[in-house]
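Below: one structure, written as structure tokens.
Where a number appears in this text, it was derived from the coordinates with a stated rule and is not lab data. Only a predicted model underlies this, so the values are computations on that prediction, with no experimental measurement involved. For neighbour counting, all protein chains shown are included, and Cβ atoms are generated from backbone atoms with ideal geometry for every residue, glycine included.
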Amino acid sequence: MIEVQVDDSRVAAALAELVRRAHDLRPVQADLGEYFIESTKRRFATKTAPDGTQWKGNAQVTIDGKGRDDSLIGESRRLSNEIHYRIDGTRLSWGSSLVYAGMQQNGGLKAAYPHLWGDIPARPYLGLSGGDEQVLLEILQEHLAGAVN
């Protein structure tokens with residue numbers, strides 16, 4: 001009888017590491033959070049929503065009041081600069097804690113907010129683009145592939 005002995009310790013170690021990495025997603029969530037911050041900031045430069053549509057420009061009353069059309073950028077650039085992420089267990093979220101962040105994402109009507117100069121159109125800056133989804137998968141694949149290296 002022929003007997004073959006196989007040392008599968010490297011395979012077993014790689015599988016154990018793969019299981020560990022799949023259960024502890026904090027490192028990959030942190031990488032994704034950093035990526036999503038930068039991706040979101042790029043949207044301000046291109047004035048483009050995650051679905052690829054261009055943001056609506058400022059109304060003439062706003063342009064007249066400011067002297068320029070800087071849709072969603074603003075003088076302080078706080079909204080575009082104050083994007084951060086948070087990991088809460090298995091959940092990753094990112095956005096801005098600024099009071100007016102939701103108004104810019106979803107829009108608002110002067111009738112509901114009398115202090116506005118006029119209606120604010122939605123200018124979505126948060127979300128996943130097709131390119132973001134691809135990068136998400138690449139980051140996840142890289143994280144899991146590290147188990148076998």
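Express the Stokes-Einstein translational diffusion coefficient of the chain in µm² s⁻¹, to the nearest whole number, given a Kirkwood radius over alpha-carbon pairs, 4 °C and a viscosity of 1.567 mPa s.
Rounded to a whole number, D works out at 70 µm²/s.
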Using 7 Å Cα-to-Cβ label points, what is the S93/V11 separation (nm, one decimal)?
-> 4.4
